[in-house]
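**Student:** A single structure is presented below for examination.
The values are calculated or read from the model by the stated rules, or taken from the named source; none is laboratory data. From a predicted model like this one, the values you see are computed outputs, not experimental measurements. Here the Cβ positions follow ideal geometry from the backbone for every residue, glycine too, while neighbour counts run over all protein chains shown. Each accessible area value is taken on the protein alone, full model and side chains, heavy atoms only, with ligands, DNA and RNA left out. Shrake-Rupley method; radii C 1.70, N 1.55, O 1.52, S 1.80 Å.
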Amino acid sequence: MVFERYGEPAEVRDVADPEPAEHGVVVRVEATGLCRSDWHGWQGHDPDIALPHVPGHERAGVVEAVGDRVTRRRPGDRVTVPFICACGTCPSCAAGDHQVCERQTQPGFSHWGSFAQYVALDHADVNLVALPGELSFATAASLGCRFATAYRAVVRQGRIAAGMGSPLLERS
Ligand SMILES: [Zn+2]
Ligand SMILES: [Zn+2]
């Protein structure tokens, strides 16, 4: 699915298949989410997007092609990725903060995303998450953006834990 101009209807048509970077893979998309951030991109709010553009930043699928320097993944692996694909080597990545990687890529923003049959994912050894067989592609596609965003807000920042009551409920 491609759009040529911000805010105008996207169309479904044939596009060139992506090639994997030497550190990356190409994944055959089995499921992809639709998110408010896709709307922002389509509206022209994201300076990373270059037209024409294929959106889609929440996906899961099967590794189809592997770059020469990828060692941990092979064709046929079922995978998903975080919202941010990190480089794995910059100071932010070294500190464990991949979400603010200085050389990050965001498939669906910095390059074409997963509203397509195939998507290129960079630094595969750093970013790809293998999926257990019982996890559906549709469920896995929700993990990188929407689940991780909510999880960090509730668990890491809000420090909500099992057994904690709601102050609002306790007062009522
Ligand atoms: Zn999203
Ligand atoms: Zn980095």
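**Student:** Using alpha-carbon pairs under 8 Å, 6+ residues apart, how would you state the relative contact order of the chain in percent?
**Tutor:** Numbers: 349 pairs, mean separation 45.9, N = 172.
That works out to 27 percent.
**Student:** State, to one decimal in nm², a quarter of the convex hull surface area for the C-alpha atoms of the chain, i.e. the direction-averaged projected area. Let's see the in-between values first.
**Tutor:** Numbers: hull surface 50.3 nm².
Average of the hull's projected areas for the chain equals 12.6 nm².
**Student:** Next question. Tabulate in residue order the Karplus-calculated ³J(HN,Hα) for the range 64-77, using 6.51 cos²θ - 1.76 cosθ + 1.60 with θ = phi - 60°, rounded to whole Hz; enter x for Gly and Pro.
**Tutor:** For the range 64-77, the Karplus-derived couplings read 9, 9, 10, x, 4, 9, 7, 10, 9, 10, 9, x, x, 5 Hz, x marking Gly and Pro.
**Student:** A further question on this structure: Which order, highest average first, do 120-127, 21-28, 5-12, 68-75 follow once you tally other Cβ atoms within 10 Å for each residue and take the mean per peptide? The partial results should precede the final answer.
**Tutor:** On the way: 120-127: 23.4, 21-28: 21.2, 5-12: 10.9, 68-75: 13.1.
Top of the packing list down: 120-127, 21-28, 68-75, 5-12.
**Student:** When the Karplus curve 6.51 cos²θ - 1.76 cosθ + 1.60 is applied with θ = phi - 60°, which whole-Hz ³J(HN,Hα) does each residue of the range 82-98 get, with x for Gly and Pro?
**Tutor:** The phi angles translate into x, 4, 9, 8, 8, 7, x, 10, 6, x, 5, 4, 4, 7, x, 9, 4 Hz.
**Student:** Would you please give the residues with an amide H less than 5 Å from that of ALA65, counting only those at least 5 places away or on a separate chain, with H modeled from the backbone geometry?
**Tutor:** So ALA65 has HN proximity to VAL26.
**Student:** Taking Cα centroids, how far is the range 47-110 from the range 142-159 in Å?
**Tutor:** Measuring centre to centre over Cα atoms gives 19 Å.
**Student:** Of all the accessible heavy-atom surface of the range 56-172, with the other protein chains kept in place and a 1.4 Å probe, what percent is carbon and sulfur?
**Tutor:** Values: 3700 of 6610 Å².
Using a 1.4 Å probe with all protein chains present, the range 56-172 comes out at 56 percent carbon and sulfur.
**Student:** I'd like to compare 139-151, 50-62: which one has the highest average count of other Cβ atoms within 10 Å, and what's the full order after that?
**Tutor:** On the way: 139-151: 17.2, 50-62: 21.2.
Output ranking for 139-151, 50-62: 50-62, 139-151.
**Student:** Can I ask one more? Give me the accessible area per residue for the chain, probe 1.4 Å, as a whole number in Å². Working shown, then result.
**Tutor:** Numbers: 9960 Å² over 172 residues.
Dividing the accessible area of the chain by its residue count gives 58 Å².
**Student:** Also, quick follow-up: Tell me which residues come under 5 Å, amide H to amide H, from TYR118 once H is placed; ignore anything under 5 positions away on its chain.
**Tutor:** Counting only residues 5 or more places away or on other chains, the set is VAL29.
**Student:** Also, I was wondering about something else. Quick one: 3J(HN,Hα) in Hz for the range 151-165, Karplus 6.51/-1.76/1.60 with θ = phi - 60°, rounded, Gly and Pro as x.
**Tutor:** Residue by residue, the range 151-165 yields 4, 5, 5, 7, 8, 7, 7, x, 6, 6, 10, 4, x, 6, x Hz.
**Student:** OK, next. Which one of PHE3, GLY56, GLY144 is farthest out on the positive end of the charge dipole of the range 1-145, using unit charges on Cβ (Lys, Arg +1; Asp, Glu -1) and the Cα centre as origin?
**Tutor:** GLY144
**Student:** Treating only the Cβ atoms of Lys and Arg (+1) and Asp and Glu (-1) as charged, compute the dipole magnitude of the chain about its Cα centre; round to the nearest 20 debye.
**Tutor:** Working: 16 positive and 21 negative charges, 148 e Å.
Roughly 720 debye for the chain.
**Student:** Quick check on the chain: helices-only [θ] at 222 nm, where DSSP H runs of length 4 and up contribute -39,500 (n - 2.57) each and the sum goes over total residues. Nearest 500, please. Walk me through the numbers before you get to the answer.
**Tutor:** Details: 6 runs with 30 residues, N = 172.
When only DSSP H runs of four or more count, the value is -3500 deg cm²/dmol.
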